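A.B. asks: The structure's right below; bear with me while I get my questions together.
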Amino acid sequence: MLRLKNISTHTDEELLQLHRKSGHAEYFGELYNRYIPLIYGVCLKYLRDEDKAQDAVMQLFENLHLKIAGYEIDVFRTWLYSVVKNHCLQILRKENKEIIVDFNTEIMESDEVLHLLCEEENDQEKTVALRRCLEKLPEQQRVSIIHFFMKEMSYADIVDKTGFSLKAVKSYIQNGKRNLKLCIDKHSK
């Protein structure tokens, strides 16, 4: 087994780059271990079951270890939080359980438009309506919606990528969601 020197002294970004370049699992293992308390806490918040939360932590490690190289990640912690949250929501969706989480709408985006933006959406008519409606959005709203929901970027990542202010990003996402909902409702009638 390869023994890597001073692995714990590397930053998240360095470990991510080292893992990508070398493929050594130890780099990703060190990075993942740093966030196990955060990951477990998010899983417990959504799944509300200690055993399921522990299983989810292990599933995420196994899945991400193999796929991490394929993702473009600016801030690991932010990206990981989003991935963990979505993993838990998928588990709940598969179990057909009602998702009960205390969402603070000031800092988190969630409403009926969100399910249309998920890749698992099977309703072809709604998917076509969503694409048409996305095209009709003003560019700033469209870009912000795509980055936030489809590329799972954080507000901060969108600010960095687009140059929009944080307040503008939040506004574009909120207004974009409202406009998408109105447009999709209009197309489905």
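A.B. asks: Restricting the first residue to the range 166-179 and requiring it to be in contact (Cβ under 8 Å) with a residue 60 or more places away in the chain and under 10 Å from Ile145 (Cβ atoms), which pairs with a second residue that is β-branched (Val, Ile, Thr) and crowded, with 16+ Cβ neighbours inside 10 Å meet a Cβ separation below 8 Å and a spacing of at least six or different chains?
C.D. replies: Ile173/Ile145; Lys177/Val113; Lys177/Ile145
A.B. asks: It is to be established whether one or more residues within the range 16-38 are crowded, with 16+ Cβ neighbours inside 10 Å, out of contact with any Ser or Thr (no Cβ under 6 Å at 6 or more places or on another chain), in contact (Cβ under 8 Å) with a residue 60 or more places away in the chain and in the same structural domain as His87 (by TED's automatic domain parsing).
C.D. replies: Yes, because at least one residue in the range 16-38 is crowded, with 16+ Cβ neighbours inside 10 Å, out of contact with any Ser or Thr (no Cβ under 6 Å at 6 or more places or on another chain), in contact (Cβ under 8 Å) with a residue 60 or more places away in the chain and in the same structural domain as His87 (by TED's automatic domain parsing).
A.B. asks: In the range 1-12, how many residues are within 13 Å of Phe76 (Cα to Cα) and either out of contact with any Leu (no Cβ under 9 Å at 6 or more places or on another chain) or assigned to a loop (DSSP other than H, G, I, E, B) (or both)? Can you show your working first?
C.D. replies: As a first pass, look at the range 1-12 and keep what is within 13 Å of Phe76 (Cα to Cα): 11-12.
Okay, now just the ones that are also either out of contact with any Leu (no Cβ under 9 Å at 6 or more places or on another chain) or assigned to a loop (DSSP other than H, G, I, E, B) (or both), so 11.
Result for the range 1-12: 1.
A.B. asks: While we're looking at this one, here's another question. Starting from the range 72-95, keep only residues that are within 12 Å of Lys151 (Cβ to Cβ), then list their pairs with residues that are in a loop (DSSP other than H, G, I, E, B) and of a type in the set (Phe, Trp, Tyr) whose Cβ atoms are within a distance under 8 Å, requiring at least 6 positions of separation or different chains.
C.D. replies: Trp79/Tyr71
A.B. asks: Right, another one. Any residue at all in the range 153-160 that is of a type in the set (A, V, I, L, M), within 28 Å of Gly70 (Cα to Cα) and at pLDDT 85 or above?
C.D. replies: Looking for residues that are of a type in the set (A, V, I, L, M), within 28 Å of Gly70 (Cα to Cα) and at pLDDT 85 or above, one finds at least one in the range 153-160, hence yes.
A.B. asks: Which condition does Val42 not pass, out of (1) aliphatic (A, V, I, L, M); (2) at pLDDT 90 or above; (3) exposed (fewer than 14 other Cβ atoms within 10 Å of the Cβ), if it passes all the others?
C.D. replies: (3)
A.B. asks: May I pose another question? Does Leu182 qualify as being out of contact with any helix residue (DSSP H, G or I) (no Cβ under 8 Å at 6 or more places or on another chain), surrounded by fewer than 19 Cβ atoms within 10 Å (Cβ to Cβ) and not assigned by TED's automatic domain parsing to the domain that holds Trp79? Show your work before the answer.
C.D. replies: Working: out of contact with any helix residue (DSSP H, G or I) (no Cβ under 8 Å at 6 or more places or on another chain): yes; surrounded by fewer than 19 Cβ atoms within 10 Å (Cβ to Cβ): yes; not assigned by TED's automatic domain parsing to the domain that holds Trp79: yes.
When the stated conditions are applied, Leu182 passes them.
A.B. asks: Turning to a different aspect of this structure: In the range 154-177, is there at least one residue being outside any helix (DSSP H, G or I), assigned by TED's automatic domain parsing to the domain that holds Leu137, surrounded by 15 or more Cβ atoms within 10 Å (Cβ to Cβ) and of a type outside the set (Ser, Thr, Tyr)? Reasoning before the result, please.
C.D. replies: Step one: list which residues in the range 154-177 are outside any helix (DSSP H, G or I), which gives 154, 163-165.
Those left that are additionally assigned by TED's automatic domain parsing to the domain that holds Leu137: 154, 163-165.
After this cut, where a residue has to be surrounded by 15 or more Cβ atoms within 10 Å (Cβ to Cβ) as well, the list is 154, 164.
Those left that are additionally of a type outside the set (Ser, Thr, Tyr): 164.
Checked against the condition, which is being outside any helix (DSSP H, G or I), assigned by TED's automatic domain parsing to the domain that holds Leu137, surrounded by 15 or more Cβ atoms within 10 Å (Cβ to Cβ) and of a type outside the set (Ser, Thr, Tyr), the range 154-177 yields at least one hit.
The values are calculated or read from the model by the stated rules, or taken from the named source; none is laboratory data. What you are looking at is a predicted structure, and each value in this text was computed from that prediction instead of being measured. Here Cβ is always computed from backbone atoms with ideal geometry, including for glycine, and neighbour counts include all displayed protein chains.
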